[in-house]
Amino acid sequence: MAMESMFKPDILKGKVALLTGGGSGIGFEISTQFGKHGASVAIMGRRKQVLDSAVSSLRSLGIPAVGFEGDVRKQEDAKRVVESTYNHFGRIDILVNAAAGNFLASAEDLSPKGFKTVMDIDSVGTFTMCHEALKYLKKGAQGRSSSGGGTILNISATLHYTASWYQVHVSAAKAAVDAITRNLALEWGTDYDIRVNGIAPGPIGDTSGMDKLDPREINSEARRLPLFKIGDKWDIAMAALYLVSDAGKFVNGTTLIVDGGLWLSKPRHLPKEAVKQVSRSVEKRSRVNPVGVPTSKL
């Protein structure tokens, strides 16, 4: 059953949002809700099929949308996509960094290359997109509403707030993302009135994160804990709407936890010796049927 937004349908009217990872999962739901609330949407991703499907879905809802292929790890891609978005829509008001990489791996089995890959996508990619988007986010600051300059939203996680089993790579990357959020909020909030915030989602249903971190191969004990809840992508999109709209105009440098309180309790959910076997099985399945691509279109 679809849930209705509590925000006015024109709360983002006239704004342009660029989202990395905006073609699937949480990123696509944010793209959709931004569009439903008045924004024009550009999405960036590495898989053309996913981009095309997402753009088609957005346009079917009457949302002005465009997709650009690109890898956030490559500065030339980031520069090209940001420029293309500006050239297409004539402005950029909102940047959402939702592109991410993840897989299960115990620290002793994780290669430095695997560690670096996640760091490059999540943390370096986030900074690269922010760096390339800055001059465009500054351009329309004088003519914007009470929210001032542009807005950046970084999608983080709760993994590093305590510690998480078999997630040292992502925990390190998301800790860096949170640091980027705070530091850019300080510098760019002061110098350019650009607000920079984050969202740390918990387990969200029908996403690649849930498929990889709590796959069907695991008989999860965590789901029987009183605090454990599965959130909806809609929950994250509503938090995003708040943070990038005038409703959140006095919020800057904050990473909002949206997980129903689960981060307060994290038991071991998978024996170490089973991690490698489960991870390989999940990765193989995800390559066959990428999340966000309707099975009928594969």
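List of remarks:
- Odd one out for residue 26 among (1) over 23 Å from residue 231 (Cβ atoms); (2) at pLDDT below 95; (3) touching a strand residue (DSSP E or B) at 6+ places or on another chain (Cβ under 7 Å): (1)
- Identity of the residue in segment 20-39, of a type in the set (S, T, N, Q) and not in a helix (DSSP H, G or I), that ends up surrounded by the most Cβ atoms within 10 Å (Cβ to Cβ): 20
- Members of segment 1-15 that are within 16 Å of residue 92 (Cβ to Cβ) and surrounded by fewer than 24 Cβ atoms within 10 Å (Cβ to Cβ): 13, 14
- When every residue of segment 58-71 is checked against the conditions, at least one turns out to be exposed (fewer than 14 other Cβ atoms within 10 Å of the Cβ), hydrophobic (A, V, I, L, M, F, W, C) and at pLDDT 95 or above.
- Unique residue being touching a Pro at 6+ places or on another chain (Cβ under 8 Å), of a type outside the set (D, E, K, R) and farther than 22 Å from residue 235 by Cα when the list is 40, 53: 53
- Filtering segment 40-58 to residues that are assigned to a helix (DSSP H, G or I) and closer than 14 Å to residue 89 by Cβ leaves 55, 58.
- Checked against (1) in contact with a Gly (Cβ under 9 Å, 6 or more places away or on another chain); (2) assigned to a loop (DSSP other than H, G, I, E, B); (3) at pLDDT 60 or above; (4) surrounded by fewer than 20 Cβ atoms within 10 Å (Cβ to Cβ), residue 227 passes all but a single condition, namely (3).
- Within segment 79-93, considering residues that are outside any helix (DSSP H, G or I) and within 18 Å of the chain's Cα centre (by Cα), the one farthest from residue 136 (Cα to Cα): 93
The values are calculated or read from the model by the stated rules, or taken from the named source; none is laboratory data. In this text, all values refer to a predicted model and were calculated from it rather than measured experimentally. With ideal geometry, Cβ positions are generated from the backbone for all residues, glycine too; neighbour counts draw on all protein chains shown.
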